[in-house]
Amino acid sequence: MTESIAAPLEWARKWLATPKKQYMNGQWIDGNSKEQWSVKDPSNGDLLCHFNMADSDQVEQMAQQAHQTHDEQVWAKSNRDSRAKLLRDIATLIRSNVEKLAVLESLANGKLYSESLEGDIPTCADIFDYYAGWVDKFYGETCPVEEGYLNYTTKEPVGVCGLIAPWNFPLYQASLKIAPALAMGNTVIIKPSEYTPLTAIYLMELIDQELSVPKGVINLLLTGGQAANQLTLSHHVHKISFTGSTGVGQKIVQNSGISNLKSATLELGGKSPCIFFEDTPNLDSAIDRAFDVMFSHKGEKCSEPTRFLIHESIYDYVLNALIEKANGVKCGNPFAADAQQGPQCNEMQFNKIMSYIEIGKQEAELVAGGYADTEGDNAKGFYIRPTIFSNVSPSCRIAQEEIFGPILCCTPFATTEEAVTMANDTAFGLAAGIYTSNVSRAHKVAEQIDAGMLFINRYGCYGLSSPFGGFKQSGWGKEMAIHSLSSYTKSKSVWVYYGDQ
Ligand code: NAD
């Protein structure tokens, strides 16, 4: 552990000992569930903090209060400059507290401190800045209609938005929802994952202490899925933006249907393929890149390439390179300078991944990893070796079901048609990679693959100005860019008749 981490870690220990509460209508209040929830450190199982979750009644109360706030229209009708300023101020708060936020993220999630400090947290600040810039640039249009009529559209806030985030990129996923929702004048209820609520709590504290936000516009709900279900059922909530598993996404759609038909943006699971054709350019660096994207953040990423489809002529070469890389990874404490992979986020996830490893051993050929890393202090945490299965048939469970961990399936193919068929042969359609030197094949295959994001010759490129989201059971709608703004607004069409009466 280096000197520079010692101070924020020391600060975090003290902060964790302070009470953690719900934030509703500008007040910090205790969760009213009898259930005390413990947030644990996945590197050793130690308690980080505990708090009382909100129960369903309290969720409904928060939704009702948020609805009242929205009806008062203070934020919805606020001056656009002041809205943009708030977003920029939040970006500045994040940047000035980047180390503290990064420490909290890595403590609860288990991802490497460098991943939080250099990636996730600074990107959150960028997201707020990006959407601050959009506040006065997203507006309605004048529509070409018949002579004697004027028709224009306006963009109105949707209302109360329930923003439900997962545990893999906690503050990043929350920021991707909060920033555009606030930019468009909505009232928000942020629901971080119960496993990783720390950064959302701390950011809420900073906003409460340092910025002036109209009361009730930003609310923080600390609870688990059972009570959060009420958020998706409540008639006081007008929109849900959800990132998480496909199963919960389906439940949200059902709940919307039996309540007030609230709209939903859903970013769900994935089982993304990466195809390596025989003419992959710069094969060694292609392997390095795809391996890194697959195994960074301990394989807990929705759009990672979990299925490598490799042309039979280069299969052995690629597989051997992957095995060598996997065997060389050092699992260790997220704050250790030499660690390359942290622990899985929680015990449930650890057990799920380990059970898929057992399934994989029955279905395919295990060629790397396949066991928990219990080296030294790792014995107390949820560490799993980077694991590779070879000759995985596309119908195997490990090739079909989302595992969400450091488990890679490799499968050889002979023809382009075979590769495309296998690439499309899952219920998911989040992302896909194509490595080839043949430009026309690259474009043709990109067209044939039924996924929301295609990466040609470099897997895993993302930018705020490009839509993010999947097809099939990977989700509904897109996030980022103008797409988030659309999803947090309603278009109203206004007709004016100015012809002869
Ligand atoms: P999860 O679905 O278990 O939980 C996500 C969030 O939903 C948590 O905050 C949880 O408390 C809440 N929740 C659970 N049940 C609920 C209910 N009935 N009503 C309302 N809220 C409920 O997912 P997770 O385990 O936190 O995250 C992993 C999953 O997220 C994976 O499937 C992964 O692919 C997906 N994910 C998708 C994307 C994407 O952009 N497509 C990004 C990150 C993660």
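The values are calculated or read from the model by the stated rules, or taken from the named source; none is laboratory data. Here the structure is a predicted model, which is why all the values come from computation and not from measurement. So basically every Cβ, Gly included, is an ideal-geometry build from the backbone, and we count neighbours across all protein chains shown.
Structure data summary
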quantity	calculated
Residue list for region 458-472, restricted to those being farther than 14 Å from residue 127 by Cβ and near the ligand (Cβ under 10 Å from one of its atoms)	469, 470
Residue match in region 434-444 (condition: in contact with a strand residue (DSSP E or B) (Cβ under 8 Å, 6 or more places away or on another chain), touching a residue at least 24 places away in the same chain (Cβ under 8 Å) and within 16 Å of the ligand (Cβ to nearest atom))	no
Test: residue 147 is outside any strand (DSSP E or B), more than 10 Å from the ligand (Cβ to nearest atom) and over 23 Å from the mean Cα position of the chain (by Cα)	yes
Residue 61 at pLDDT 95 or above, surrounded by 14 or more Cβ atoms within 10 Å (Cβ to Cβ) and at negative phi	yes
Residue list for region 417-429, filter: crowded, with 24+ Cβ neighbours inside 10 Å and within 19 Å of residue 319 (Cβ to Cβ)	419, 423
Of residues in region 258-267 being part of a loop (DSSP other than H, G, I, E, B) and surrounded by fewer than 23 Cβ atoms within 10 Å (Cβ to Cβ), the one nearest to the ligand (Cβ to nearest atom)	259
Flag if residue 270 is within 30 Å of residue 316 (Cβ to Cβ) and within 12 Å of the ligand (Cβ to nearest atom)	yes
Looking only at region 206-257, and only at residues there that are among the hydrophobic types (A, V, I, L, M, F, W, C) and away from the ligand (no atom under 13 Å from the Cβ), the one that is nearest to residue 50 (Cα to Cα)	206
Any hit, region 354-366, residues being of a type in the set (Gly, Ala, Ser), at pLDDT 95 or above and closer than 22 Å to residue 473 by Cβ	yes
Residues (closer than 29 Å to residue 297 by Cα, touching a helix residue (DSSP H, G or I) at 6+ places or on another chain (Cβ under 8 Å), buried (at least 18 other Cβ atoms within 10 Å of the Cβ) and not charged (D, E, K, R)) located in region 24-47	39, 42, 43
Subset of region 289-298 [within 23 Å of residue 391 (Cβ to Cβ) and either in contact with a helix residue (DSSP H, G or I) (Cβ under 8 Å, 6 or more places away or on another chain) or within 16 Å of the ligand (Cβ to nearest atom) (or both)]	291, 293, 294, 295
Those residues of region 266-282 which are under 23 Å from residue 448 (Cα atoms) and of a type in the set (A, V, I, L, M), in sequence order	268, 275
Single unsatisfied condition, residue 180 versus (1) within 24 Å of residue 226 (Cα to Cα); (2) within 16 Å of the ligand (Cβ to nearest atom); (3) crowded, with 24+ Cβ neighbours inside 10 Å	(1)
Subset of region 188-223 (residues that are in contact (Cβ under 8 Å) with a residue 60 or more places away in the chain and basic (Lys, Arg))	215
Residue match in region 484-500 (condition: at pLDDT below 95 and more than 16 Å from the ligand (Cβ to nearest atom))	yes
Lone qualifier among 226, 230, 209 - being surrounded by fewer than 17 Cβ atoms within 10 Å (Cβ to Cβ) and closer than 25 Å to residue 476 by Cα	226
